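Asks: Please see the structure below; I have some questions.
The values are calculated or read from the model by the stated rules, or taken from the named source; none is laboratory data. Quantities reported herein were computed from a predicted structural model and do not represent experimental measurements. Neighbour counts run over all protein chains shown; Cβ positions are idealised from the backbone, glycine included. These accessible areas exclude ligands, DNA and RNA; they are computed on the full protein's heavy atoms, side chains included. Shrake-Rupley method; radii C 1.70, N 1.55, O 1.52, S 1.80 Å.
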Amino acid sequence: MAVAQEIRCSHCGAPVEFKPGELVATCKYCGFTTIIETGQAFTFEHSLILNQYDPTRIDEPIKDWMQSGFLKPADLARKSRIVEKDLVYLPFWVISVEAKSKYKGIFERIAPPIVKEDSIEKEYNWLVLAREATEFPTREYDVPLEGKVPYDFRKIEGFAKILNSEIEREEALDLAKQQIEAHHRFLLEKDVDRIIEISTEFNVKQEVYLHSPIWFVKYEYKGSVYQLIIDGATGTTLKGDIPSSKFSLL
Ligand SMILES: [Zn+2]
């Protein structure tokens, strides 16, 4: 386990702990956010999505998930036992951007093939997870942005864990641009069979650093442990491991 290093919060003077690889750290005493490399204050908007569940109430969406959907074993809710429920505030960058991809491609599904030249123009609140190794289904997560408030450390539960960002703003922006262009290439697959050229222009409107409440739940069912990832703002299951139903012929 790597040892946590320390800097001083430039707002309240308290020690701000951070781990190797983390680039942006938030003071747990006053909520002030610092860029670790420079020790400078973070000047972009830092927001928080509020958690709506406590460790007891989170059982409701867990049970609901277990009881719904026909792919699950019928006795899943009855026979499983929750063994772990951790509330983690995950860091994200939300890049609000207009993206316009001009492209030229060949449509080969008809004879003779035709060359198509057109553009895709879309607006996004593109989400970039600010952790390198965290297993999280970012593209499944429809971040409830309308519920965001300015980051407030007093609204963070004592039992919750807060993760700092391992990705700087510029890197997040680059990642968002790459991912958006890849997404546009994907969208183009229904219009052209081969892309000859594509170039994307971005008009970045806003970049927000955001902490979102995510529940990481583990449950045990018939001797194996499975994971659920639940949005703490809405109770929606973002990812859930389902035990495979074994049908017996006997
Ligand atoms: Zn502080």
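Asks: Amide H neighbours of Glu45 under 5 Å, at least 5 residues apart or on other chains, H built in the peptide plane: list them.
Replies: When sequence neighbours closer than 5 places are left aside, the close amide H contacts are Tyr209.
Asks: Then there is this: Calculated FRET efficiency, Arg81 and Thr234, Cβ-Cβ r, R0 25 Å, to nearest 0.05?
Replies: 0.50
Asks: Also: Along the charge dipole of the chain, pointing to its positive end and built from +1/-1 on Cβ of Lys, Arg, Asp and Glu, which listed residue (Gln40, Gln227, Phe136) has its Cα farthest out?
Replies: Checking the options against the dipole of the chain, the answer is Gln227.
Asks: Using a 7 Å offset from Cα along Cα-Cβ at Glu189, what residues in the stretch 121-159 end up with backbone N under 18 Å from the label point?
Replies: 139-140
Asks: With the chain treated as a Gaussian network of Cα nodes joined by springs under 10 Å, which of Asn164, Asn125, Asn203 yields the largest mean-square fluctuation?
Replies: Asn203
Asks: So how do Val115, Val94 rank on accessible area, 1.4 Å probe, biggest first, that is with the largest at the start?
Replies: Details: Val115 90, Val94 5 Å².
Order by accessible area, largest first: Val115, Val94.
Asks: Right, next: Collect residues whose amide H, placed 1.01 Å from N in the peptide plane, falls under 5 Å from the amide H of Leu238; neighbours closer than 5 in sequence don't count.
Replies: Here Ile229, Ile230, Asp231 satisfy the definition.
Asks: For the pairs Lys28/Lys85; Lys79/Lys155; Lys116/Lys177; Lys19/Lys155; Lys85/Lys148, note any where the Cα-Cα span goes beyond 32 Å.
Replies: Exceeds cut-off: Lys79/Lys155.
Asks: Express in whole angstrom the spacing between the alpha-carbon centres of the stretch 172-243 and the stretch 62-82.
Replies: Result: 25 Å between the Cα centres.
Asks: A further question follows. Go ahead and estimate [θ] at 222 nm for the chain from helices alone: -39,500 (n - 2.57) per DSSP H run with n ≥ 4, summed, over the residue count, rounded to 500.
Replies: Details: 3 runs with 33 residues, N = 250.
For the chain, the value works out to -4000 deg cm²/dmol.
Asks: Which of these, Ala99, Ala111, Ala172, has the largest mean-square fluctuation under a Gaussian network model of the chain (Cα springs below 10 Å)?
Replies: Of the options given, Ala111 has the highest mean-square fluctuation.
Asks: Classify the stretch 131-225 as rounded, prolate or oblate from the Cα gyration tensor: take a ≥ b ≥ c as the square roots of its eigenvalues, call it rounded if a/c is under 1.5, otherwise prolate when a/b beats b/c and oblate if not.
Replies: oblate
Asks: Place a +1 charge on the Cβ of each Lys and Arg in the chain and a -1 charge on the Cβ of each Asp and Glu, then give the dipole magnitude about the Cα centre in debye, rounded to the nearest 20.
Replies: Working: 32 positive and 40 negative charges, 177 e Å.
Approximately 860 debye in magnitude.
Asks: For a test of the definition: using alpha carbon positions, the gyration tensor, and the 1.5 limit on a/c, classify the stretch 171-241 as rounded, prolate or oblate.
Replies: Oblate shape, in that a/c is at least 1.5 and b/c is the bigger or equal ratio.
Asks: I'd like the GluC sites (Glu not before Pro) in the stretch 87-181 restricted to DSSP loop residues with at most 15 other Cβ atoms within 10 Å, sorted by number.
Replies: Loop-located and lightly packed - Glu108, Glu132, Glu135, Glu157.
Asks: How many nm separate the modelled label positions at Glu157 and Tyr226, each set 7 Å beyond the Cα in the direction of the Cβ?
Replies: Output for this residue pair reads 2.3 nm.
Asks: So which chymotrypsin sites (Phe, Trp or Tyr not before Pro) in the stretch 88-183 are both in a DSSP loop and have at most 12 other Cβ atoms within 10 Å of their Cβ? Could the numbers behind the result be given before it?
Replies: Values: sites: Tyr89, Phe92, Trp93, Tyr103, Phe107, Tyr124, Trp126, Tyr141, Tyr151, Phe153, Phe159; in loops: Tyr141, Tyr151, Phe159.
Loop-located and lightly packed - Phe159.
Asks: Of all accessible surface on the chain at a 1.4 Å probe, what whole percent is carbon and sulfur?
Replies: Summing carbon and sulfur atoms, their accessible area is 50 percent of the total for the chain.
Asks: So what is Rg over Rh here for the chain, counting just Cα atoms and using Kirkwood for Rh?
Replies: Numbers: Rg = 22.1 Å, Rh = 20.9 Å.
With Rh from the inverse mean 1/r over Cα pairs, Rg/Rh is 1.06.
Asks: Right, something else. Set the Förster distance to 51 Å, then compute FRET efficiency between Arg8 and Glu123 from the Cβ-Cβ distance, nearest 0.05.
Replies: 0.80
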